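The values are calculated or read from the model by the stated rules, or taken from the named source; none is laboratory data. Since we're looking at a predicted model, the values are computed, not measured. Positions of Cβ are backbone-derived with ideal geometry, glycine not excepted, and every protein chain shown enters the neighbour counts.
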């Protein structure tokens, strides 16, 4: 590590110098504490006796070398702010920590695991013309044993990979797995930014989980926090006796969640966060990062009315650009940015440098529309078409995320209008609408079997629902839909191109019918939707210069719980009228995908 780069915020590998490293001379501990009166190392190998650390480099870094083998043992830094006042902290750059409520770091070598994913790493790409269909997971509540205990990373790999393959997703996204003291924070209030949480085992277990995903053709994205950190005294807060990572003034340092805000104008903070991001990409083979609460970096306290935070915006640009230089194929995703322009444009084009941004407005509008009665849907017809007014401004991702599962009055499924049978019919049709709409996809665990309960991060998903016919059929529908999505380039190939999408019917006419055309480089798919409780008779659709249209998905097929028989040899209960006019009767609460082959000149 170059010290000058560290201070200027240009370092991406500070973890290779700071933290704990095995060398020929022994195990070397280093920490950065510029305001400290003195720093002592305390480890369980000698009964936590204080070991005075030597000031090195420019006097702001402290170092100590232990000669014996201490792998797997606990340690902390005792940092004195005065001769007699001190506080004990875990290692900001430590590679492992003990299980909560423990507060110690653990001496851990992470380079002993041998990845077997060379094929995946060699051929992985990040192009907007590719399928990106993400299954979002909170490991603590995805699956547990019969006693309700957490599984290890290795055990979760077995269950998760088989389930994701069954469903047909091609990526998983983990809620933050860096160490955190409070289960209820879901990992968003960290103490160990370089330490995988010990809830599921050790760091090598997480590498195994990611490796198994890659060997099965599943990419891995991880949530990470660049905005704030846990306020717990043993973490980063007042690390060397003064605010080092956070703002010096409490009104700026603490946010409404009780977390400390990073001060992104400081070079050492930038180097810390950049190194953390690169660490997961390089050392754990993570394929991408989803950065949470980015709007809180862009605007002071996340409020557009309080103005832009120029330092934090500059940090995001430089970090994203640096990550792309080092790992060009990595995927960088952000959540809501309060309509900050050019979020998903390259830094060279004056953008923030993200690849994708969650479309919060689309999700809000969709969920609102789902809750309306058909009568109100007819009145509020333009809610659904509105997304395409702004959609081409950014590379949007349609994310039904953990936030939507946790922060609403009811679950997504329960929030749909109607009785239970109607809810299932509409849930299938709305899923088809999402997959027909431009944009990459993300769905939180439990959505695939239409969980009626709000997500609770402290208990396992109710997998027993999959034994009930309606929920089982819904999961089979989502699996079929995912596979159709992956097999039909017209549904993803030109997501962000003008020619990739066209409304065929989005006019208010007293019905709840919508029709759109999705085009790929060589194929076309038409999508029809009836969100009314009445069937739509004699509906006419212009399908251009073709005499053959194939039904490739119908949310009302009996195998999914609907009322329409499915004939696998004769898919098309349709009537062509005049060569390019298709006349159909569309059932209530139903979605269709119709396909024709074309050659694009």
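Miscellaneous remarks
- Qualifying positions in segment 35-52 - under 21 Å from residue 235 (Cβ atoms) and either touching a strand residue (DSSP E or B) at 6+ places or on another chain (Cβ under 8 Å) or crowded, with 17+ Cβ neighbours inside 10 Å (or both): 36, 37, 38, 39, 40, 41, 42, 43, 44, 48, 50
- Residue ID - surrounded by the most Cβ atoms within 10 Å (Cβ to Cβ), chosen from residues in segment 432-464 that are in contact with a helix residue (DSSP H, G or I) (Cβ under 6 Å, 6 or more places away or on another chain) and assigned to a helix (DSSP H, G or I): 448
Rundown of residues vs (1) within 17 Å of the chain's Cα centre (by Cα); (2) buried (at least 17 other Cβ atoms within 10 Å of the Cβ), yes/no style:
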site: 211; (1), (2): no, yes
site: 215; (1), (2): no, no
site: 220; (1), (2): yes, yes
site: 231; (1), (2): no, yes
site: 265; (1), (2): no, no
site: 272; (1), (2): no, yes
site: 275; (1), (2): no, yes
site: 298; (1), (2): no, yes
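- Count - residues of segment 1-22 that are within 20 Å of residue 96 (Cα to Cα) and in contact (Cβ under 8 Å) with a residue 12 or more places away in the chain: 10
- Of the numbered criteria (1) in contact with a helix residue (DSSP H, G or I) (Cβ under 6 Å, 6 or more places away or on another chain); (2) in a strand (DSSP E or B); (3) farther than 24 Å from residue 395 by Cα; (4) at pLDDT below 95, the one residue 524 fails is (3).
- So residue 510, is it on the phi > 0 side of the Ramachandran plot and either free of Cβ contacts under 8 Å to residues at least 12 places away in the same chain or buried (at least 20 other Cβ atoms within 10 Å of the Cβ) (or both): no
- Each residue in segment 233-263 was checked for being at positive phi and either touching a strand residue (DSSP E or B) at 6+ places or on another chain (Cβ under 6 Å) or surrounded by fewer than 20 Cβ atoms within 10 Å (Cβ to Cβ) (or both), and 2 pass.
- Within segment 339-380, considering residues that are more than 17 Å from residue 321 (Cα to Cα), touching a residue at least 40 places away in the same chain (Cβ under 8 Å) and in contact with a strand residue (DSSP E or B) (Cβ under 9 Å, 6 or more places away or on another chain), the one surrounded by the fewest Cβ atoms within 10 Å (Cβ to Cβ): 367
- Test: residue in segment 1-16 that is buried (at least 20 other Cβ atoms within 10 Å of the Cβ), assigned to a strand (DSSP E or B) and touching a strand residue (DSSP E or B) at 6+ places or on another chain (Cβ under 7 Å): no
- Qualifying residue in segment 190-200 (condition: assigned to a helix (DSSP H, G or I) and over 16 Å from residue 284 (Cα atoms)): yes
- Verdict on residue 69 being surrounded by fewer than 17 Cβ atoms within 10 Å (Cβ to Cβ) and farther than 14 Å from residue 239 by Cα: yes
- Index of the failed condition, residue 176 passing every other in (1) part of a strand (DSSP E or B); (2) within 17 Å of the chain's Cα centre (by Cα): (1)
- Residue list for segment 400-416, filter: surrounded by 21 or more Cβ atoms within 10 Å (Cβ to Cβ) and either in a loop (DSSP other than H, G, I, E, B) or touching a residue at least 60 places away in the same chain (Cβ under 8 Å) (or both): 401, 402, 412, 413, 416
- Consider segment 288-297 and keep the residues that are in a helix (DSSP H, G or I) and either touching a strand residue (DSSP E or B) at 6+ places or on another chain (Cβ under 6 Å) or in contact (Cβ under 8 Å) with a residue 60 or more places away in the chain (or both). The one that is farthest from residue 338 (Cα to Cα) is 297.
- Note on segment 179-194: among residues that are more than 19 Å from the chain's Cα centre (by Cα) and at pLDDT 95 or above, the one that is nearest to residue 114 (Cα to Cα) is 192.
- Total residues in segment 196-227 satisfying the condition of being over 30 Å from residue 133 (Cβ atoms) and touching a strand residue (DSSP E or B) at 6+ places or on another chain (Cβ under 7 Å): the figure is 1.
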